[in-house]
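The structure appears below as structure tokens.
The values are calculated or read from the model by the stated rules, or taken from the named source; none is laboratory data. Fair warning: this is a prediction, and the values are worked out from it, not measured in the lab. Glycine gets a Cβ as well: all are built from the backbone with ideal geometry, and neighbour counts include every protein chain shown.
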Amino acid sequence: MIKIAVLVSGSGSNLQALMDANLSGQIVGVISNKPDAYALERAAKANIPTAIIEHKQYPNREAFDDVMHQQLLAWDVDLVVLAGFMRILSAKFVNAWQGKMVNIHPSLLPHYKGMHTHQRVLNTGDTLHGCTVHYVTAELDAGQALTQGVLKVNLHDCVETLATRVHVLEHLIYPQAVEWICNGTIQHTQDGTVLYKGQALTAPIQFCKL
Ligand code: GRF
């Protein structure tokens, strides 16, 4: 059984969706860099071990990442799931978990990497928006996309409504992508190729809520 660690910084609604999903893998631990993250309460309620590793207590990014790495090794983790984890990770850490770490981002990557995605979608006047589950590589929000949730931007949408609507999609597509990794439907091969049902994945699997 695949052992999963979830890294969080905030509310943890994606963590909740993963815990509720009856995954064939096991969430063996939750790490937060913020001691007051509500996600920690959610994990505790589900009797999942937690670790608070405060980035402020370490002299640099590498030192902080190293402590997280040791905790992940102690839990014997196979898959790292970033769920609202608001720290940029060092190249050393990312390389150590290459092909074993996924993230969810609130945009249809490769569009709108980085922050304030909903506002940027509205500013541009895009008609489609959504979220993407992708493998994590050293370049921000640039690893191979696995799944996407797509929605139509309505005339009356604002940042808040888009954030809510995208979150609903996130809670659908993240557990699905993680389950596909747990049960081998998605595989990351030694040479970096991502397979979906044994075939090279050339575009993310899309779920639409138009
Ligand atoms: C989500 O919008 C996700 O796309 C982004 O951070 C947010 C986390 O929300 N990476 P939550 O803490 O899971 O509620």
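Answer with yes or no whether Leu195 is more than 12 Å from Val133 (Cα to Cα) and surrounded by 18 or more Cβ atoms within 10 Å (Cβ to Cβ). Against the criterion (more than 12 Å from Val133 (Cα to Cα) and surrounded by 18 or more Cβ atoms within 10 Å (Cβ to Cβ)), Leu195 does not qualify. One residue alone among Ala44, Ala37 is outside the structural domain of His171 (by TED's automatic domain parsing) and in contact with a strand residue (DSSP E or B) (Cβ under 6 Å, 6 or more places away or on another chain), and that residue is Ala37.
Per-residue answers, yes or no, for (1) closer than 29 Å to Gln187 by Cα; (2) crowded, with 16+ Cβ neighbours inside 10 Å; (3) touching a Lys or Arg at 6+ places or on another chain (Cβ under 6 Å):
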{"position": "Pro49", "(1), (2), (3)": "yes, no, no"}
{"position": "Glu54", "(1), (2), (3)": "no, no, no"}
{"position": "Arg61", "(1), (2), (3)": "no, yes, no"}
{"position": "His69", "(1), (2), (3)": "yes, yes, no"}
{"position": "Gly84", "(1), (2), (3)": "yes, yes, no"}
{"position": "Lys92", "(1), (2), (3)": "yes, no, no"}
{"position": "Lys100", "(1), (2), (3)": "yes, yes, no"}
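Restricting attention to segment 146-177, the residues that are in contact (Cβ under 8 Å) with a residue 12 or more places away in the chain and among the acidic types (Asp, Glu) total 2.
When segment 162-173 is limited to residues that are farther than 11 Å from Leu122 by Cα and touching a helix residue (DSSP H, G or I) at 6+ places or on another chain (Cβ under 9 Å), the one that is farthest from the ligand (Cβ to nearest atom) turns out to be Leu172. Any chance segment 18-25 includes a residue that's of a type in the set (Gly, Ala, Ser) and not in a loop (DSSP other than H, G, I, E, B)? No, segment 18-25 contains no residue that is of a type in the set (Gly, Ala, Ser) and not in a loop (DSSP other than H, G, I, E, B).
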